[in-house]
1. Using 1/(1 + (r/R0)^6) with R0 = 35 angstrom and r between the beta carbons of R43 and I7, what's the FRET efficiency to the nearest 0.05?
2. How high is the relative contact order of the chain? Use alpha-carbon pairs under 8 Å, at least six apart in sequence, and give a whole percent.
3. At 7 Å along the Cα-to-beta-carbon direction for both D66 and K208, put a label point, then send me their distance in nm to one decimal.
4. Using a 7 Å offset from the Cα along the Cα-to-Cβ direction at both V149 and K127, what is the distance between the two label points in nm, to one decimal?
5. Can you give the calculated 222 nm mean residue ellipticity of the chain, where each DSSP H run of n ≥ 4 adds -39,500 (n - 2.57) and the sum is split over every residue, rounded to the nearest 500 deg cm²/dmol?
6. Would you kindly state the longest site-free stretch of the chain, with sites defined as chymotrypsin sites (Phe, Trp or Tyr not before Pro) in a DSSP loop (not H, G, I, E, B) surrounded by at most 12 other Cβ atoms within 10 Å?
7. Quick one: what Rg and Dmax do you get for the stretch 102-181 from the alpha carbons, in Å?
8. Going by the alpha-carbon gyration tensor, a ≥ b ≥ c the square roots of its eigenvalues, is the stretch 64-146 rounded (a/c under 1.5) or, if a/c is not under 1.5, prolate (a/b greater than b/c) versus oblate?
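Values quoted throughout were computed directly from the atomic coordinates according to the rules given, and no laboratory measurement underlies them. Quantities reported herein were computed from a predicted structural model and do not represent experimental measurements. With ideal geometry, Cβ positions are generated from the backbone for all residues, glycine too; neighbour counts draw on all protein chains shown.
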Amino acid sequence: MLMVTVIIFLMIFVGVTVAWCQIYQMHLHINTRNDAKLSGSQRRQWETLTDAYEACSTNQDEAHFDSIAVRLLGGEFNREALHIAFSQEGREAYGAPLLRRKRALIRTPSRQGGTQSVSVRHLLFFKTRLPSINIRSALILLVIANCGVVQLLAAMSIYTIHYDVSISALQWVNQPAMILLAISGVVMLNYLISTLDAYLHDLYQVRKLGQRAPVFH
């Protein structure tokens with residue numbers, strides 16, 4: 001029984017460490033170059049498109065870039081938007097997010113004059129418009145607050161070694177296994193928040209691209 005308790009306390013310590021690492025990883029993700037977060041195939045597409053754009057800028061041969069963009073991305077994306085997305089100035093802000101989320105983007109009729117707007121398919125039948133507000137700061141604060149909750153739970157695990165919490169609604173903290181379970185849940189929640197942050201920020205950047213030029217024809 002003593003050995004099990006020791007293992008549980010060690011796992012609580014690991015959970016606290018992971019929670020702190022999650023803040024660091026989220027900060028690192030935000031401050032890492034966008035193209036470094038592309039998958040293998042996306043990275044190859046990125047290099048091909050940026051090299052083609054550089055070549056077309058040098059040789060004034062836009063048709064070469066356009067043909068490669070159609071081959072890699074399809075013909076539905078607007079030529080002007082792609083030129084902005086993979087230019088030297090725009091590729092970090094728009095090109096990488098567009099490559100990551102291109103399969104989720106769909107063209108939908110706008111209410112105004114039959115023009116086209118961009119929506120995103122999150123799941124098989126769930127669609128929304130692109131986010132108009134950048135909530136990254138709020139999500140970062142939420143991850144930091146959750147890390148504080150983990151610290152509090154870890155402190156309670158030490159406190160309850162010698163003292164019992166008598167409040168009925170909080171008596172579960174007297175059991176280290178329950179505290180470990182709660183910490184694991186918060187760590188998983190932080191992971192989901194970090195994933196959501198990366199996803200929504202990409203979609204927000206696509207919306208900003210659409211404000212400069214229509215994303216679709």
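1. For R0 = 35 Å, the calculated efficiency reads 0.30.
2. 31 percent
3. My value for the distance between the label points is 2.8 nm.
4. 3.5 nm
5. Helices in the chain give a 222 nm mean residue ellipticity of -22000 deg cm²/dmol.
6. Longest gap between qualifying sites, sites excluded: 1-124.
7. 23.1, 71
8. oblate
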